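This is the structure, below, for whatever I ask next.
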Amino acid sequence: MKISVIGCGYVGCVTGVCFADLGHEVTLVDVDPAKLRAISAGRSPIYEPGLEDLIRKNRDRISATTDLRAAIRSTDITFVAVGTPSQEDGAIDLRYVLGACEEIGQVLKDKDTFHTVIIKSTVFPGTTKEMACPVLEKASGKTAGRDFGIGSNPEFLREGSAVRDCLSPDRIVIGADDPRTAGILSDLYAPVGSVVLVTPVTTAEMIKYTSNAVLAAKISLANEIGNLCKRLGVDSREVFTAVGMDGRVSPAFFRTGIGFGGSCFPKDVRALVAGARACGEDLKILRAVLEVNEEQPKKLLSLLRRHIPDLQGKIIGVLGLAFKPDTDDIRESRAVPVVADLLAAGAQVVAYDPAAMENFRRVFPQVGYVSGPDEVLGADAVLILTEWREFEGLDYRGRIVIDGRRLEKARAEAMIYEGVCW
Ligand code: NAD
Ligand code: UGA
């Protein structure tokens, strides 16, 4: 099949390249020529383990362009995978999704063959049917379901393991209100060999938000219990290992610490809360999930102040800036509020991250970035904000370590050790 993917970020690029690996001809479209140049040169435009190898392997089947119109004309199905950031009040910002739909619709106007448009971006339930579809119909002058297909195919990949998640997902959710679109997507995904669930379009969108809400809620619940465990001298990991053994509760996503970051959990939970409010529902539990998450980085800083009450002029070392290991993504990383507070308190920040320093430097040019983790250890105190594997191998003896990510070696070795939730 000939596939176009609009948006060549963490989701669009990985999805497109994986489709190429399944044997399809894929056109990747973005407004950012640098990303496209990288792909055309056989390089990954993002830091994602395994992606570059897959781009090289499937080079003959992948093309990259800024020409959205040509891409729509020359393909049979289009996945929209552009960003859906938060607005100031937490509600979803649909400008990129609807902008892409408008352009796609204008091309469909003059296209004779049946074309299918799939919204892969995470959007509030009802968006595809009530907003994207009318935009496509108006711009094309055609009727969805009859003249072109429209559906939802939410993505569940995680950064850092995106290729694996994409090629062998736990499940594939296809939201389609017409049998033709459902059939096209089911055939496309059949070779993946995972369970495929076909649902109404709005249900598929709700499944995506609910999945992220459940995972975020698990983390905030673990952190609340972890905070109490710390006061009671109980190891929360032992608690959650036992709790996770209950067949009704999976052990995953109970890792305690400074909370969840990334481009999805915070924004999606905020969007769900804001969207629900607009429908007259107050999602109290999810509001608390966000509140707990905002408090966790502050706990790390108050642990630091227990040992260094006045941060003015002190050198504070930071290990890890990415929102999690194996990515260069710093969107909503917990390192952002921590570093901002340290700088506001007059501390001198020295930081190391194996992949995210360039991205962090754009936001915080005043931080001292060093070329190896050992250089951070000489600071007055060391904060662990991302659990990169290489931090396990450091020598923490004689150091003051405040740990937001539960590093066993640091706990065992440090002269003074404080762990959030531990
Ligand atoms: P991203 O910011 O990494 O990539 C989006 C890309 O879209 C950018 O490269 C941008 O230049 C491009 N773009 C914007 N408007 C465009 C247009 N009109 N034409 C062509 N390109 C355009 O975003 P992402 O992290 O890949 O997320 C995309 C969507 O997928 C979001 O809705 C997100 O919530 C969802 N999602 C993300 C992940 C993840 O792990 N990052 C996982 C599942 C779902
Ligand atoms: C998450 C989901 O796991 C994906 O299924 C989903 O597709 C994606 O969001 C999305 O919708 O964008 P991702 O953000 O890449 O994926 O990363 P996760 O591994 O889920 O971690 C998110 C954050 O939670 C990280 O900051 C991580 O440190 C934190 N986390 C995770 C914890 O604090 N504790 C845990 O037990 C697990």
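State, as an integer percentage, the relative contact order of the stretch 155-282 based on alpha-carbon contacts under 8 Å between residues 6 or more apart.
20 percent.
Here's another thing I want to ask about it. Return P(r) of the stretch 2-167 (all Cα-Cα pairs; 10 Å bins starting at 0; whole %; ordered from short to long distances).
11, 41, 35, 13, 0
Whole-Hz Karplus ³J(HN,Hα) for the stretch 79-85, in order, using 6.51 cos²θ - 1.76 cosθ + 1.60 and θ = phi - 60°, x for Gly and Pro?
For the stretch 79-85, the Karplus curve yields 9, 9, 10, 7, x, 10, x Hz.
Using modelled backbone amide H atoms (1.01 Å from N, in-plane), which distant-in-sequence or interchain residues come within less than 5 Å of residue 92's amide H?
Those lying under 5 Å, H to H, from residue 92 are 87.
Testing the spin-label approximation: label points 7 Å from Cα along Cα→Cβ at residue 281 and residue 389. State their distance in nm.
4.1 nm
By a straight-distance test (C-alpha under 23 Å), which lysines pair with residue 409 as possible cross-link partners, with residues fewer than eight away in the same chain excluded?
Output for residue 409: 230, 299, 324.
Follow-up question, since we're still on this one. Can you give the FRET efficiency to the nearest 0.05 for residue 246 and residue 130, using r as the Cβ-Cβ distance and R₀ = 35 Å? Spell out each step's value before the answer.
Numbers: r = 40 Å, r/R0 = 1.13.
In this case the efficiency is close to 0.30.
Right, another one. Residue by residue through the stretch 56-66, what is 3J(HN,Hα) from phi via Karplus (6.51 cos²θ - 1.76 cosθ + 1.60, θ = phi - 60°)? Round to whole Hz and write x for glycine and proline.
Couplings: 5, 4, 10, 3, 5, 9, 10, 10, 10, 8, 8 Hz.
Search the structure for amide H atoms under 5 Å from the amide H of residue 78, placed 1.01 Å from N in the peptide plane, and list their residues when 5 or more places away or on another chain.
HN-HN under 5 Å from residue 78: 4, 116, 117, 118.
In addition: Working from the alpha-carbon coordinates of the stretch 208-348, get Rg over Rh, Rh being the Kirkwood radius.
Details: Rg = 16.6 Å, Rh = 16.5 Å.
Result: Rg/Rh = 1.00.
So, in nm, how far is label residue 302 from label residue 231 when the simple model puts each one 7 Å beyond its Cα toward the Cβ?
Roughly 1.0 nm, to one decimal.
Scanning the chain for helices, which whole DSSP H stretches are 27 Å or more long along the axis (Cα) and average 0.0 or more by Kyte-Doolittle?
201-232
In addition: Dimensions of the chain along principal axes (Cα, Å, largest first)?
Computed over the Cα atoms, the extents are 71, 47, 38 Å.
I need the phi-derived Karplus couplings for the stretch 391-399: 6.51 cos²θ - 1.76 cosθ + 1.60, θ = phi - 60°, integer Hz, Gly and Pro marked x.
Whole-Hz 3J(HN,Hα) from phi for the stretch 391-399: 6, 5, x, 7, 9, 8, 4, x, 9.
Continuing with this model, one more query. Roughly what % antiparallel, to the nearest 5, for the DSSP beta bridges in the chain? Present the calculation step by step, with values, prior to reporting the outcome.
Numbers: 4 of 50 bridges.
Around 10 percent antiparallel, to the nearest 5.
We did not get these values from a lab; they are worked out from the coordinates using the rules stated. Quick caveat, the model's predicted, so the values are computed rather than measured. All Cβ positions, even for glycine, are placed from backbone atoms using ideal geometry, and neighbour counts span all protein chains on display.
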